[in-house]
1. Would you call B:TRP32 among the aromatic types (Phe, Trp, Tyr) and closer than 24 Å to A:VAL280 by Cα?
2. When region A:13-53 is examined, which residues are found to be surrounded by fewer than 16 Cβ atoms within 10 Å (Cβ to Cβ) and more than 24 Å from A:ALA205 (Cα to Cα)?
3. Would you pick out the residues in region B:65-102 that are closer than 30 Å to A:VAL185 by Cα and touching an Asp or Glu at 6+ places or on another chain (Cβ under 7 Å)?
4. Being assigned to a strand (DSSP E or B) and either of a type outside the set (A, V, I, L, M) or within 32 Å of the chain's Cα centre (by Cα) (or both), is that true of even one residue in region B:12-28?
5. Please go through (1) more than 24 Å from A:GLY362 (Cα to Cα); (2) surrounded by fewer than 20 Cβ atoms within 10 Å (Cβ to Cβ) for A:ALA283 and return the number of the only condition it doesn't satisfy.
6. Those residues that are among the β-branched types (Val, Ile, Thr), modelled with pLDDT of 90 or more and either in the same structural domain as A:LEU298 (by TED's automatic domain parsing) or farther than 18 Å from A:PRO278 by Cα (or both), I need them from region A:160-174; list them, please.
7. What residue, among those in region B:71-90 that are more than 14 Å from B:ASP139 (Cα to Cα) and within 14 Å of another protein chain (Cβ to nearest Cβ), is surrounded by the most Cβ atoms within 10 Å (Cβ to Cβ)?
8. Check A:TYR68 against each of (1) touching a residue at least 40 places away in the same chain (Cβ under 8 Å); (2) under 28 Å from A:MET243 (Cα atoms); (3) surrounded by 14 or more Cβ atoms within 10 Å (Cβ to Cβ) and name the one condition it does not meet.
Amino acid sequence: MSGPSKYQPSSAVGKWFHERLPIVAFAKDHALDFPTPKNLNYWWTFGGILAVMLVVQILTGIVLVMHYTPQTDLAFNSVEHIMRDVNYGWLLRYMHMNGASMFFVAVYIHMFRGMYFGSYKAPREVLWMIGVIIYLIMMATAFMGYVLPWGQMSFWGAKVITNLFSAIPFVGDFVTTWLWGGYSVDNPTLNRFFSLHYLLPFVLAAIVFLHIWALHVVGNNNPTGINVKGPQDTLPFHPYYTMKDGFAIVVFLIVYGLFVFYGPNYMGDAVNYVPANPLVTPAHIKPEWYYLPFYAILRAVPDKLLGVIAMFSSILILLALPWLDTSRVRSGTYRPIFKGFFWVFVVVCIGLGFIGSKPPEGSYVLWGRILAFYYFFHFIVILPLLGLLETPKPLPASISDDVLAKQK
Amino acid sequence: MSTAVHADVNRRDFLMIATGAVAGVGAALVAWPFISQMNPDASVLALASIEVDLAPIAEGQAVTVKWRGNPLIIRHRSKADIDTAKAVKVSDLIDSASRNANVKGNADATDDNRVVGGKEQYLVMLGVCTHLGCVPQGDQGDFGVVTGNSTTGGWLCPCHGSQYDTAGRVRKGPAPENLPVPPYVYLTDTKIRVG
């Protein structure tokens with residue numbers, strides 16, 4: 001994509017080093033000169049925002065571990081100790097806690113952007129699938145992190161989610177005992193979750209590197225969805241997109257800051273400030289907001305095993321998305337019918353999130369079932385058929401033509 | 001370098017396969033301790049048995065004690081509780097297996113098979129919903145003994161709405177199984193050892 005390197009070492013030392021490790025050329029080619037479609041809009045800035053959030057979470061996490069104690073009798077109090085005694089502990093913990101939520105805000109926008117503009121279509125299938133794997137690891141990491149404060153919601157969330165594995169026929173009980181290291185969620189569980197919660201962000205960082213590698217092989221998609229045809233369609237990443245991404249990152253951090261300073265517990269659950277009690281389940285147990293749509297799908301199915309299968313399928317189906325969408329036009333901008341169904345799908349996902357936050361009673365049960373059904377219907381029926389039936393609008397001749405047409 | 005030159009089986013192929021096989025078996029053997037370390041350790045297993053005195057539990061009262069990190073429900077059932085449970089046909093149950101570690105084989109989930117003969121007033125079972133592990137709340141739901149506005153016996157899980165009757169058998173989903181009865185024995189007339 002980027003062609004032969006334009007890097008010319010300017011000094012004798014630079015030349016000497018370049019011949020031994022061409023890392024400066026690599027950085028220049030991929031972080032500065034990388035040819036990027038010139039029409040990317042602000043929806044494309046969330047990749048950079050996500051990279052920043054991963055770094056924020058790793059940095060705040062590393063310092064929190066300097067004060068946290070992963071032991072069932074001490075964990076809850078050590079978090080309160082961070083909040084009350086540790087210098088700026090309140091800030092660091094609130095940054096980490098709200099950082100997780102903001103990370104998911106950004107990843108959901110990033111994913112919906114990919115869905116609207118067809119960023120998963122050939123030749124970007126592997127790029128998309130690596131993204132789905134990143135999302136799965138993010139969910140596992142956030143789940144284990146939520147267990148560490150050892151509040152009531154930590155404990156019961158951990159118990160309910162690990163119990164999902166007990167639905168596996170024949171070996172389910174062995175699997176849950178193995179996951180717990182005992183007969184229930186207890187100290188061994190807390191310790192291993194802590195270990196993995198520290199490990200997985202670094203695994204994420206490595207897979208993010210693969211994600212960017214795959215991106216730099218095939219190049220960015222863009223709002224028109226058509227291929228880059230030549231140098232007139234692109235701009236170097238720096239300064240054009242370092243500046244655009246940088247601006248978006250600052251705006252995003254302001255929103256993040258508003259939560260950290262003015263509503264640090266807005267996205268959390270007050271019950272988690274009650275220490276874990278293995279003998280009493282809280283009245284309304286629900287996961288963090290970013291899992292709620294999947295929790296709603298789990299509860300929509302009255303059978304235990306089928307409910308668990310439906311929940312995991314609802315995420316794993318994203319891996320098949322490049323082949324479920326049969327349309328050869330990438331961007332939703334040129335697909336008039338798809339555009340409508342896309343927004344219906346967004347509303348259905350938000351609706352599932354709302355249902356997931358409510359107790360499984362009355363009309364919530366029925367609505368949960370209707371929305372869960374539609375979620376799968378969108379992927380399995382609507383997307384494959386739409387590609388065959390829909391007549392897309394005419395595509396612009398090139399990215400450059402499209403940009404110039406809009407200038408008039 | 002090309003294998004085409006050495007198309008027939010030679011010493012290098014043999015070494016390749018033999019080395020690969022040894023490395024594969026070795027990797028599997030080394031993986032075992034890494035997987036096994038996550039299973040319950042000796043200190044967890046050592047806590048696996050407790051003794052409970054049943055005498056202080058009044059009729060109609062249920063107590064919860066901690067066993068293996070889980071709540072163990074012991075309920076002193078009234079005659080109405082027992083009669084209600086006995087009146088249920090096994091064919092009406094969601095789970096027709098007794099789920100009692102003290103009863104051999106695939107016994108039916110009759111009330112007799114959920115308790116110890118002659119001690120049927122004491123129902124001993126794990127308070128762990130068989131759906132996703134929440135603690136069912138006692139004296140609730142539609143399958144207890146209803147007198148006026150109050151329900152006695154019967155359990156309702158607050159998480160996903162599963163209900164259990166006065167013998168701890170699941171009567172309304174999504175839970176798939178009856179609440180499990182752990183292995184226990186009577187040490188004296190009013191004292192049991194669980195585990």
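1. No; evaluated as a whole, the condition is false for this residue.
2. A:VAL13, A:GLY14, A:LYS15, A:TRP16, A:PHE17, A:GLU19, A:ARG20, A:ASN41
3. Hits for region B:65-102 are B:GLY69, B:HIS76, B:ASP95, B:SER96, B:SER98, B:ARG99.
4. no
5. (1)
6. Across region A:160-174, the qualifying residue is only A:VAL171.
7. B:LEU72
8. It is condition (2) that A:TYR68 fails.
The values are calculated or read from the model by the stated rules, or taken from the named source; none is laboratory data. Because the structure is predicted, anything quoted here is derived from the model rather than measured. No Cβ is skipped: glycine too gets one built from the backbone with ideal geometry, and neighbour counts run over all protein chains shown.
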